[in-house]
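Each remark here refers to the structure printed beneath this line.
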Amino acid sequence: MGKTAVIFCSEYGSTKRYASYIAEKLQAELFTTTEIKEIASYETIVFGGGIYAGALNGGDWLKKNQVALLDKKLVIFTCSVADPQIEKNQESIHIGLKKSLTEELVDHAKVFYFRGAMDYKRLKLTHKGIMKVMFQFLKHKKERSAEEDGMLSIQNTPVDYVDVSRADALIFYVKE
Ligand SMILES: Cc1cc2nc3c(=O)[nH]c(=O)nc-3n(C[C@H](O)[C@H](O)[C@H](O)COP(=O)(O)O)c2cc1C
C-alpha cells in the first residue's frame, strides 16, 4: 500500500467524522478540499462528501483533478441522511453521483455509502430553505414510505446515524 491521502468536504461534521476515522486507521494524511495542495505524491486517494439535493458535496474538486485521479486508486465515500442500506436509496445516490461527477470518475472509483446526521434547527439559512421545500412536498404526498416518514420527523428531532465502524470495509479495501 503506497501513500494515502484522505480528502473530505463536510458542512456539519458527519463526513469529517468518517474521514478522520479512516485517516487514523490507515495512518494516512487528512485534508479538506481547500487544504490539499498536491496529489502527485499519493498512490491512493480517499474522497468523502455529503449528499446535498442528490449531488456530492466537493464534487468540483474531484472533477478539477479528474485526469490525475484516473491514474490512482480512487475511493469515494458518500454521507447521506437516507439509509444507504436500503437498496433503492443507494441506487439513487449512485445515479446522483454519476450526474454530479462524471461517469468516468464514478466507474473508476470504488464507492462506499455511509449514513450521516442532521439537526434541522442548526442548519444554515439556505439549507433550511431547501429542506423546508422538501418537508412541504413530503407533507402533502398522499402515500409516504416509512423512509419518507422518517425524513419528515427530522424537522422536529435531530438525527445522528453516523457509525464509523461502517468504514471498516473501506479501510480493508484500501489495504488490499
Ligand atoms: C440542504 C440539504 C440537502 C440535503 N440533501 C440530501 C439528499 O438529497 N439526500 C440525502 O440522503 N441527504 C441529504 N441531506 C443530508 C446530508 O447528506 C447529511 O446531513 C450529511 O450527514 C451531511 O454531511 P456533512 O455534515 O459532512 O456535510 C441534505 C442536507 C441538507 C442540509
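The values are calculated or read from the model by the stated rules, or taken from the named source; none is laboratory data. In this text, all values refer to a predicted model and were calculated from it rather than measured experimentally. Neighbour counts are summed over all protein chains in view; Cβ atoms, including those assigned to glycine, are modelled from backbone coordinates with ideal geometry. Surface areas here come from the heavy atoms of the whole protein model, side chains and all, with no ligands, DNA or RNA. Shrake-Rupley method; radii C 1.70, N 1.55, O 1.52, S 1.80 Å.
From the set of residues in the stretch 129-145 that are of a type in the set (D, E, K, R) and part of a helix (DSSP H, G or I), which is nearest to the ligand (Cβ to nearest atom)?
Once the filter is applied, the top-ranked residue is 132.
Listed residues 54, 13; which is at pLDDT below 95 and within 8 Å of the ligand (Cβ to nearest atom)?
Criteria check complete, one pass: 54.
Name the residue that is farthest from residue 166 (Cα to Cα), counting only residues in the stretch 116-135 that are of a type in the set (D, E, K, R) and touching a residue at least 60 places away in the same chain (Cβ under 8 Å).
Taking the candidates together, the pick is 124.
Listed residues 31, 8, 77; which is more than 14 Å from the chain's Cα centre (by Cα) and among the aromatic types (Phe, Trp, Tyr)?
31
Restricting the first residue to the stretch 78-89 and requiring it to be in contact (Cβ under 8 Å) with a residue 60 or more places away in the chain, which pairs with a second residue that is part of a loop (DSSP other than H, G, I, E, B) and buried (at least 22 other Cβ atoms within 10 Å of the Cβ) meet a Cβ separation below 6 Å and a spacing of at least six or different chains?
So the pair list comes out as 79/116; 81/116.
In the stretch 109-123, is there at least one residue being in contact with a strand residue (DSSP E or B) (Cβ under 7 Å, 6 or more places away or on another chain), surrounded by fewer than 16 Cβ atoms within 10 Å (Cβ to Cβ) and not aliphatic (A, V, I, L, M)?
The answer is yes; a qualifying residue exists.
So how many residues does the stretch 1-10 have that are away from the ligand (no atom under 16 Å from the Cβ) and open to solvent by less than 40 Å² (accessible area, probe 1.4 Å)?
3
Here is a list: 32, 44, 102. Which entry is in contact (Cβ under 8 Å) with a residue 40 or more places away in the chain and of a type outside the set (Lys, Arg)?
44
Can you confirm whether the stretch 87-95 contains a residue that is more than 24 Å from residue 160 (Cβ to Cβ) and either over 16 Å from the mean Cα position of the chain (by Cα) or aromatic (Phe, Trp, Tyr) (or both)?
No, the conditions are met nowhere in the stretch 87-95.
Could you list all residues from the stretch 146-176 that are within 11 Å of the ligand (Cβ to nearest atom) and more than 22 Å from residue 88 (Cα to Cα)?
Listed by number, the list holds a single entry, 158.
Could you list, in sequence order, all residues of the stretch 23-51 that are of a type in the set (Ser, Thr, Tyr), open to solvent by 20 Å² or more (accessible area, probe 1.4 Å) and away from the ligand (no atom under 16 Å from the Cβ)?
41
Looking for something open to solvent by less than 40 Å² (accessible area, probe 1.4 Å), outside the structural domain of residue 39 (by TED's automatic domain parsing) and within 10 Å of the ligand (Cβ to nearest atom) - is there at least one such residue anywhere in the stretch 86-102?
no
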